[in-house]
Amino acid sequence: MSSSFNNQAESASYLHSDVTSRVNAAAIAVHRALGPGYLEAIYEEAVCVELERQKIAFERQRAVRVRYESVPVGLYRLDLVIEGKVVVEVKAVAAIDRAHLATMFSYLKATGLEVGLIVNFSSEVVRIRRVFRGSDRLNEGAEIPSA
């Protein structure tokens, strides 16, 4: 891997860290209060309540058109977009798998945004996967378990 690519990947992994750290804190607060076991819709609603409480700007269920050769072919609904910078996908699954990562990469590509968080509330600790788009290739970030 070239040094230039490593530098791009490292800087991208910290892109919007001010926003993602506040989302992480909100997700941890929700998980501490609710614990595992609820449906994704419950966690999404609770995260929205916490984001509002912390005065963090967000859009919920933002519609994004997918195009093929400039022709609209579908519509995505994103769980959350935070401050117009970070896509957040709320999950309540056994584990975040490659299909969830592929979906987030698609969201990032469709929106033109570079950073996404997959937040999984289904285990004893909330699991947050930070995902980012590199220059021409998509890169997967680290998983951040809450302690």
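Read-outs throughout are calculated quantities, based only on the coordinates presented, and are distinct from any laboratory measurement. Just so it is clear, the model here is predicted, and its values are computed rather than measured. Virtual Cβ from ideal backbone geometry, glycine too; neighbours counted across all protein chains shown.
Arrange the following residues from fewest to most other Cβ atoms within 10 Å of their Cβ: Lys91, Lys55, Lys85. It would help to have the intermediate numbers written out before the result.
Numbers: Lys91 20, Lys55 7, Lys85 15.
In increasing order of surrounding Cβ atoms, one gets Lys55, Lys85, Lys91.
Segment 63-108: which GluC sites (Glu not before Pro) are DSSP loop and have at most 10 other beta-carbon atoms within 10 angstrom? Write down the numbers at each step before the final one.
Values: sites: Glu69, Glu83, Glu89; in loops: Glu69, Glu83.
Answer in residue order: Glu69.
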